[in-house]
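Data block below; observations after.
All of the numbers you see were taken from the coordinates with simple rules; none came from a lab. Because the structure is predicted, anything quoted here is derived from the model rather than measured. Cβ atoms come from the backbone with ideal geometry, glycine included; neighbour counts cover every protein chain shown.
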Amino acid sequence: PGAAAVLDAFSTLSDITSVKERSASTAVGATRSGTSCHVIVTPPSNWGAALVATTGSRAHLSRLLALPEAAGWRIEAELIIGESDRPLAAPTEAAFYGLLGLPELPPVLREDRGEIEAAQAGTPPELISATDILGDLHVHSKWSDGRHSIDAMARAGREHGLSYLVIADHSQSSVIAGGLSVGELAAQREEIAAVNDRLDGFHILAGIELDIKPDGSLDYDDAVLATFDFVTASVHSGFGQSEERVTQRVLSAMRSPHVDAIGHPTGRLLSRREPLALDMDAVIEAAANTGTALEINANPDRLDLNDEFARQAIEAGVQLAINTDAHAVEHLAFLEYGIATAQRGWVRPRDVLNARPVEALLAAGRD
């Protein structure tokens, strides 16, 4: 069908309450949910160029159109118009970038943060992918506030292609989250050992999500902390503290030889809680100096670290951990959101702690 027929069909969809704008090839409809839906019709021969033009980012597009190869090109009615005053013929995104003498740049990099220059130099980043992730270092179970058993979490992890999980239930101060007392830790270790015996070839490590208390102290003493395979320390209280105070809390935790990573470092909850008033320059510098990893928490309510801090961290030589913070078996699927965030931050496999085999993870400790 032609563009007019497509747009007519769009206007009759049950979820479209009205068409607010329409041209020969585009329409904007209002939906029942109150959001707008923008439809653009383009021939297959122009599809790639139109897709790049309509998905942006604008900063990336502006840089592309400033390249000598794009002389005479312009954006008009959401399409890239070439020198012939016709929509640019590029059926795929790869074909579009090829017209500019560039390899195809994945959408996560299209932010005008140096990706075009890297492509021109032939050195685009080797981005982390989900298949690079071998384990999850931050998973909860029914021992604290998780919904499923250690066995169920481990079996789900194996189904997701992982080879190991760190069971990182909450520590004792997280009373509301069912934090584990010192006495409960031994019983949990027995269960971990039993599940490891049943799941040949899959490894469950004994970890903890350790509260960094408001005064900067840690929730267990050094003797207890030394018994864990992996310790992620997190701030769960005192969110209103000053920048100096909360930053010192996190820096103090990183100075502990038993803390391997800082979980959801800025503490944000998207649309619900602002980030901590952290001096992230100081946190990243301390992470580099102490060998402490920083987490990209893949929970879609967190995505913490964000992409900009992730890139700053790897440029400082900091290792990252891309974790789901899963509280149920279905939450292990959150990994894709952490991967996307990491890719936006130019994170490579070698930058990620849990892209290592379990033996390498345990042998390395804090680099």
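List of remarks:
- Here, region 193-284 has an Rg and a Dmax of 15.4, 48 Å when only alpha carbons are counted.
- log10 of Debye I(q)/I(0), alpha-carbon scatterers only, for region 106-184 at 0.12 Å⁻¹: -0.57
- Counting beta carbons within 10 Å around each of VAL246, VAL195, VAL224, VAL139 and listing the fewest first gives the order VAL224, VAL195, VAL246, VAL139.
- Over the residues of the chain, the helix contribution to mean residue ellipticity at 222 nm works out to -9000 deg cm²/dmol, using -39500 (n - 2.57) for each DSSP H run of at least 4.
- With each label modelled as a point 7 angstrom along the Cα→C-beta vector, the GLU285-GLU104 pair spans 4.3 nm.
- When only alpha carbons of the chain are considered, Rg and Dmax amount to 24.4, 76 Å.
- Burial ordering of GLU209, GLU184, fewest other beta-carbon atoms within 10 Å first: GLU184, GLU209
- For region 130-364, the relative contact order is 20 percent, taking Cα pairs closer than 8 Å that sit 6 or more residues apart in sequence and dividing their mean separation by the residue count.
- Footprinting exposure proxy ranking of ASP200, ASP151, ASP307, fewest other C-beta atoms within 10 angstrom first, gives ASP200, ASP151, ASP307.
- Extent of region 3-120 along its three principal axes (Cα atoms, max minus min coordinate, largest first): 46, 30, 19 Å.
- Label-point separation in nm, SER181 to ARG350, each point 7 Å along Cα→Cβ: 4.9
- Near VAL166, the amide H atoms lying under 5 Å from its own belong to ASP136, LEU137, HIS138, VAL139, LEU205; only residues 5 or more places off or on other chains count, and H is placed 1.01 Å from N.
- Anisotropy class of region 224-367 from Cα gyration tensor, a/c 1.5 cut: rounded
- Loop-located trypsin sites (Lys or Arg not before Pro) in region 1-80 whose Cβ has at most 11 other Cβ within 10 Å (DSSP): ARG32
- Under the Karplus curve 6.51 cos²θ - 1.76 cosθ + 1.60, θ = phi - 60°, whole-Hz ³J(HN,Hα) for region 240-249, x wherever Gly or Pro sits: x, 5, 5, 4, 5, 5, 5, 5, 5, 4
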